[in-house]
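A.B. asks: Let me begin by handing over the structure; questions about it come next.
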Amino acid sequence: MLKLLDCSLRIFAIPLSGATIWLTVTNQQDNPSYGKLEFSNLTGLKFMVCISAICAAYAFFAAVSSWFKFFVSKAWIFFASDQIVAYLMLTSVAAVLEILRLTYNGDQEVTWSEACSSYGKFCNKMKIALVLHALALICFIILAVISAYRFFSLFEPPSVSSSKEVEEQRN
């Protein structure tokens, strides 16, 4: 059951990441007053595209390799990799959230005005891409928990010693 959930979440993350990439890369809007805005103008969006590509490639590799005995016996590989991918995705979600906050609210202290009134279509596609990326992040958070469970279940829990035994060991 756990193996099926693991594989399903990995497979589910692939189209989510692909859709995130496609929506972000094709996102552009031209404004006669301010010019053309593309994803490549914003470093945070380029970062999200790179992380989504890494996520999709890793999810595919991990889904395929999870059915091979050699890789399954190496639980630490999935544990470390799932943790890394989840944290990378979390940082890219945070970066895009900050971009969205600035595009909707601006920053009066540095005299940046909000941009979504001029680039509404761009902002709406960016929100959809962020939601898809966040769903892929949720998949990887669950996968990180599953791989941590698998990895740490390989070890015996520490034994609980009574206080009398501890005192005897000290003497």
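The values are calculated or read from the model by the stated rules, or taken from the named source; none is laboratory data. Note that the structure is a prediction, hence the values are computed from the model and not measured. Don't worry about glycine lacking a Cβ; one is built from the backbone with ideal geometry, like all the others, and counts go over all protein chains shown.
A.B. asks: What pairs can you find where one residue is in region 76-99 and farther than 13 Å from Phe140 by Cβ, the other is among the acidic types (Asp, Glu) and assigned to a helix (DSSP H, G or I), and their Cβ atoms are less than 9 Å apart, with a gap of 6+ or different chains?
C.D. replies: none
A.B. asks: Just to be sure I understand, how many residues within region 86-128 are touching a Leu at 6+ places or on another chain (Cβ under 8 Å) and under 30 Å from Ala148 (Cβ atoms)?
C.D. replies: Residues meeting the conditions: 6.
A.B. asks: Moving on to the next point. Within region 38-59, is there a residue that is touching a Leu at 6+ places or on another chain (Cβ under 8 Å) and either under 20 Å from Arg150 (Cα atoms) or among the small types (Gly, Ala, Ser) (or both)?
C.D. replies: Checked against the condition, which is being touching a Leu at 6+ places or on another chain (Cβ under 8 Å) and either under 20 Å from Arg150 (Cα atoms) or among the small types (Gly, Ala, Ser) (or both), region 38-59 yields no hits at all.
A.B. asks: Looking only at region 1-25, how many residues end up being surrounded by fewer than 17 Cβ atoms within 10 Å (Cβ to Cβ), β-branched (Val, Ile, Thr) and either touching a His at 6+ places or on another chain (Cβ under 7 Å) or free of Cβ contacts under 8 Å to residues at least 40 places away in the same chain (or both)?
C.D. replies: 1
A.B. asks: Something else about it: Quick one: which of Ser65, Ser33 is small (Gly, Ala, Ser) and under 25 Å from Ala144 (Cβ atoms)? Spell out the reasoning first.
C.D. replies: Details: Ser33 fails: under 25 Å from Ala144 (Cβ atoms).
Only one candidate passes the filter, namely Ser65.
A.B. asks: Also, I was wondering about something else. Count, please, the residues in region 27-42 that happen to be within 18 Å of Ser92 (Cα to Cα) and free of Cβ contacts under 8 Å to residues at least 12 places away in the same chain.
C.D. replies: Result for region 27-42: 3.
Results for (1) at pLDDT below 95; (2) within 30 Å of Ser33 (Cβ to Cβ); (3) surrounded by fewer than 16 Cβ atoms within 10 Å (Cβ to Cβ), shown as yes or no for each residue.
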site: Ser81; (1), (2), (3): yes, no, no
site: Val110; (1), (2), (3): yes, yes, yes
site: Gly120; (1), (2), (3): yes, yes, yes
site: Val131; (1), (2), (3): no, yes, yes
site: Ala134; (1), (2), (3): no, no, no
site: Ser147; (1), (2), (3): yes, no, no
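A.B. asks: Across region 36-76, what is the number of residues that are at pLDDT 90 or above and surrounded by 14 or more Cβ atoms within 10 Å (Cβ to Cβ)?
C.D. replies: The total comes to 15.
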